[in-house]
């Protein structure tokens, strides 16, 4: 199996960087076996990028990177005299040289190197975006295609201006397909990422009310998400969701003559749809779907929770078709799909209760889906249903109204107790009160509501002390709320707080 390798000269040329070396011996033959950005990890034989974030500047850890085995440093400032002396001493003691590539900006250098690497790769590249479902669709796509081909995909959400380049640079020569997740929180971001990825097939899973703070409205979200189609290469296959009004409009605009395109819908009677699946039954541990993939009918049980996952399964199936898998191969592989960390993840608690942890993302659409799924679980748990909900972030001026909306929906979902964590707790409570006054459905829930502006371990420990074996706890909120800390306080038996 071929190894990932990149010569120092090739790397410097791709980034238009200036080379210098510390140490001697075999400098012109120096080859990197990968790239790294974290000086706390093993960097043996890797090219280390000193990226600058909102809080940390990796230029402060150049010596540590070399001590961790990095044989190359990409920097946009000179090493201090003390740093140079420490690197020289280490290099002399270990006997291997270190290359330093000076660039104007390390992030730009990372992006340019990833563009160069992508163009060298023979792998088929699949690009995925969407307000909801892009990470899960990535996981499902990798599982389905991985049943037949060698697939590369990044764990977690490596979907931004530095994560996408890292994902591209993770593609090794043996990979036949790479699945790349592409996110955005402002206009123009997917334009830039699309020009790096140069995908062979792209999909927008759906458009909803996420990142409103950055784009102003759901129409702004749609405009930003459409960039994945607008700036895709002419060869790219376009995959469209016909069940979302905004992505359906994208189909109408971008499905031009001569462009290969695929579409999906839950309407199994629709004509001209390539993948049509619907959920026919659901348990806490699986959904059963039936329908047709390119005219081939089937019915399978997929071990994931939540009816909304049918959209992700259809999007992944279309991407698998684009990658060359047959309908029969896709049907056979659907049961291989699994949920990722923090996405509809079942966790057993010491009390005997079960928690559904969905703490990686939250916006009005995903929160609504979670509440609806919880409502459908009413007959699966004989004990109490408890909602632990966290702030939906990046909603800007829409935060008050949308958290009030979620309060109403929570009351209507039939919970026995609610806990809300985040700055918008007063608006959430107002929603519960509105429902109680309008229909009488939220009165008891309103009396059992407890709120906090931030994580409160006392609140969590109190809940843990009252849980019974037959209880169900939904934990849902934005990633920035770190709701895994609340879950940890409930004494989980089978949960890792890290992805």
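The values are calculated or read from the model by the stated rules, or taken from the named source; none is laboratory data. Since this is a predicted model, take the numbers as computed values, not measurements. Note that each Cβ is placed from the backbone with ideal geometry, even for glycine, and that neighbours are counted across all protein chains shown.
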Can you tell me which residue among 495, 486 is part of a loop (DSSP other than H, G, I, E, B) and either surrounded by 17 or more Cβ atoms within 10 Å (Cβ to Cβ) or on the phi > 0 side of the Ramachandran plot (or both)?
495
Any idea which of 77, 40, 86 is surrounded by fewer than 18 Cβ atoms within 10 Å (Cβ to Cβ), in contact with a helix residue (DSSP H, G or I) (Cβ under 9 Å, 6 or more places away or on another chain) and under 12 Å from residue 103 (Cβ atoms)?
77
Test residue 128 against the stated conditions and say whether it is assigned by TED's automatic domain parsing to the domain that holds residue 176, more than 23 Å from residue 184 (Cα to Cα) and buried (at least 23 other Cβ atoms within 10 Å of the Cβ).
no
Matching residues in region 143-166 - criterion: being surrounded by fewer than 24 Cβ atoms within 10 Å (Cβ to Cβ) and in a helix (DSSP H, G or I)
143, 146, 163, 166
I'd like to check something: does region 94-102 contain any residue that is at pLDDT below 95 and on the phi > 0 side of the Ramachandran plot?
yes
Any residue in region 323-330 that is modelled with pLDDT of 95 or more, within 28 Å of residue 362 (Cα to Cα) and either in the same structural domain as residue 206 (by TED's automatic domain parsing) or not in a strand (DSSP E or B) (or both)?
no
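Going through 256, 304, 296 one at a time, which residue ends up being without any contact (Cβ under 8 Å) to a residue 12 or more places away in the chain and within 27 Å of residue 200 (Cβ to Cβ)? Reasoning before the result, please.
On the way: 304 fails: without any contact (Cβ under 8 Å) to a residue 12 or more places away in the chain; 296 fails: without any contact (Cβ under 8 Å) to a residue 12 or more places away in the chain.
Every option except 256 fails the conditions.
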Tell me yes or no: at least one residue of region 226-235 is touching a residue at least 40 places away in the same chain (Cβ under 8 Å), assigned to a loop (DSSP other than H, G, I, E, B) and touching a strand residue (DSSP E or B) at 6+ places or on another chain (Cβ under 9 Å).
yes
Subset of region 167-193 [in contact with a helix residue (DSSP H, G or I) (Cβ under 6 Å, 6 or more places away or on another chain) and not in a strand (DSSP E or B)]
168, 169, 182, 184, 185, 186, 187, 190, 191, 193
